[in-house]
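Report on the structure given below.
FYI, it's all coordinate maths here, none of it is from the lab. Source: prediction; values computed, not measured. Every residue, glycine as well, gets a Cβ built from its backbone with ideal geometry; the counts of neighbours run over all protein chains shown.
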Amino acid sequence: MPEAFVNSVQPALEFIPPNFSEPVRWVVNRALPWWLKHKLNIAQVDTENVGTLTQLYHQFQSKKIRLIVAFRHPQTTDPFCLAHLFWSAIPQAARQGNIPLTGPTHSHFMYDRGIPLWAGSIATWLFSHLGGTPIMRGKVDRPGLKSARDLLLDGQFPLTVAPEGATNNHSEIVSPLEPGVAQLAFWCDGDLRKSDRPEQVIVVPVGLQYGYINPPWDAIDQLLSSLEADLNITHSPQPNMPAAETRYRRLYGLGESMLDLMENFYRDFYRRSLPEITETDPNLKFAQRLQNLLDATLTVAEEYLNVKPRGTVGDRCRRLEQAGWDRIYRADLPDMCPVERGLADWVAREASSRMGHMRLVERFTAVTGKYVREKPTAERFAETLLIVWRVSQWIQGNSASNPPQLGAQRAWLRVGEPINVSDRQDAYSQDRKGAIANLTDTLQHQLESLIR
């Protein structure tokens with residue numbers, strides 16, 4: 001495993017209040033086209049049905065609605081594409097459709113409180129001054145929820161949220177949605193009614209998908225060879241085998257080798273017994289092996305951090321993260337004597353190390369045994385190989401923050417059909433859990449329908 005991320009106990013994590021600054025947004029807006037093209041290798045951002053969002057933005061500014069933009073979150077580059085949507089595409093659609101809008105078209109947004117821990121102080125300052133509000137996802141974060149609730153009710157801009165909760169690095173797989181967007185929407189509608197305000201609450205889904213301008217097969221082959229070298233795999237070309245099948249077999253071989261290494265690692269050093277698999281279909285067998293490995297990996301962290309294994313893999317990861325943070329970021333730090341501080345450092349290092357098992361699982365949550373086989377496009381090959389690359393680099397203790405750029409990409413932003421949450425308030429009053437689940441399910445299906 002790589003070195004512990006944290007080597008000593010830290011002060012308690014403080015809430016970072018949103019502090020929107022128009023001059024900051026203006027500067028970032030000017031830099032955005034260059035950043036997209038030259039730093040992120042996104043040569044083109046296309047939008048579909050943006051007129052719907054523009055009309056909703058006009059209704060928001062006219063105080064007829066409160067608006068949540070719920071977007072797909074496949075990659076860490078997504079916020080930059082969304083910035084293009086708000087800062088460029090909406091104003092352009094407004095001009096073309098003679099839709100009156102005032103001031104900057106922008107959005108408040110929710111982000112994971114853990115991002116500033118690895119992104120640094122500049123990102124922390126920037127997120128705040130762009131109107132972002134943080135949330136801790138592994139517990140009931142009252143300050144974070146209150147801030148998001150206040151912004152949704154009275155904020156200067158709509159609120160943008162990623163209902164998946166985290167990236168999965170797959171453009172064509174929507175992870176199971178968390179219920180937070182639905183709960184925020186129903187809370188907002190209730191707050192409006194208590195204040196006798198006429199606005200309705202609208203949730204609009206936005207799909208986000210990436211593709212390559214030209215399929216980068218040569219770069220994919222080079223990355224395959226590099227990863228094979230990391231795993232000591234020798235590739236022997238077979239004559240007359242189609243290139244697509246050759247690539248798939250090499251990719252599958254990478255996955256099997258990685259699974260073999262990780263299974264042996266957890267058996268030998270953490271005494272994890274992995275169940276025997278009787279499945280004969282190679283892809284289904286791979287998927288079962290992976291799920292068994294992820295379960296065993298999480299259990300290593302859960303047993304140490306005393307966390308019960310409940311819910312989905314994502315739920316388990318969030319609780320583990322919070323349990324680790326509780327041992328690392330301590331409110332009682334100022335009151336510790338030197339010896340107690342030394343013990344707290346020890347606890348923090350061990351907690352951070354155990355959280356590494358959870359971080360490993362996070363990188364594999366959306367991987368299946370059939371994603372590439374059922375549709376062997378350059379995009380699916382590249383996405384899967386880049387996941388393996390990130391895991392390989394991370395395990396070796398190298399930085400995985402600058403993955404190989406395989407080729408110029410194109411991003412698609414597709415606006416879906418608005419969902420009127422106020423129309424569902426009676427159902428929420430009668431059955432809160434059922435109404436939240438129903439709205440979340442509706443949003444899940446809409447986001448999936450926006451994948452092309």
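Please compute the length gained on full extension between SER62 and VAL347, using 0.36 nm multiplied by the number of residues separating them and subtracting their Cα-Cα distance.
97.3 nm
Go ahead and run the numbers for FRET between GLN288 and ASN264, Cβ-Cβ distance against an R0 of 22 Å, rounding to 0.05.
Efficiency at R0 = 22 Å is approximately 0.80.
With each run of n ≥ 4 DSSP H residues scored as -39500 (n - 2.57), what mean residue ellipticity at 222 nm is computed for the chain after dividing by its residue count and rounding to the nearest 500 deg cm²/dmol?
Calculated at 222 nm, the ellipticity per residue is -16500 deg cm²/dmol.
Tell me which residues come under 5 Å, amide H to amide H, from GLN10 once H is placed; ignore anything under 5 positions away on its chain.
Answer set, sorted by chain and number: TYR329, ARG330.
Report D for the chain in µm² per second (integer): Stokes-Einstein, Kirkwood Rh on Cα pairs, 20 °C, 1.002 mPa s.
My calculation gives 90 µm²/s for D.
Among all the aspartates and glutamates, which ones have a C-alpha under 12 Å from LYS63's C-alpha, if same-chain residues fewer than 8 places away are not counted?
Correct list for LYS63: ASP154, GLU199.
How big is the shadow of the Cα convex hull of region 218-319, averaged over all directions, in nm²?
Over every viewing direction, the Cα hull of region 218-319 projects on average to 8.7 nm².
Please find the FRET efficiency linking PHE15 to ASP154, where r is the Cβ-Cβ separation and R0 is fixed at 25 Å, and quote it to the nearest 0.05. Spell out each step's value before the answer.
Details: r = 18 Å, r/R0 = 0.72.
The value I calculate is 0.90.
Quick one: what do you get for region 1-98 if you divide its Cα Rg by 2.2 N^0.38 Å?
1.44
Using a 7 Å offset from the Cα along the Cα-to-Cβ direction at both VAL28 and ASP230, what is the distance between the two label points in nm, to one decimal?
Going from the VAL28 label point to the ASP230 one covers 3.0 nm.
Under a straight-distance cross-link criterion of Cα-Cα below 28 Å, which lysines are reachable from LYS375, leaving out those fewer than 8 residues away in the same chain?
LYS37, LYS285
Order 153-162, 95-104 from most to least packed using the mean count of other Cβ atoms within 10 Å.
By packing density, highest mean first, the sequence is 153-162, 95-104.
So if we plug the beta-carbon distance of ILE213 and ASP426 into 1/(1 + (r/R0)^6) with R0 = 45 Å, what FRET efficiency do we get, rounded to 0.05? Don't skip to the answer; put the middle values down first.
Numbers: r = 49 Å, r/R0 = 1.08.
After rounding, the FRET efficiency stands at 0.40.
Using alpha-carbon positions, what is the distance between the centroids of region 397-452 and region 10-70, in Å?
Using only Cα atoms to place each centre, the spacing works out to 17 Å.
Any chance you could run the full-extension gain for GLU417 through ASP196? It's 0.36 nm times the residue separation minus the Cα-Cα distance, nm to one decimal.
Separation in residues times 0.36 nm, less the Cα-Cα distance, equals 76.9 nm.
Send over the Kirkwood Rh of region 217-395, from the inverse of the averaged 1/r over different Cα pairs, rounded to one decimal Å.
Values: mean 1/r = 0.0546 Å⁻¹.
The answer is 18.3 Å.
Would you list which aspartates and glutamates come within 14 Å of LYS39, measuring only between C-alpha atoms, while excluding same-chain residues fewer than 8 positions from it?
LYS39 reaches ASP78.
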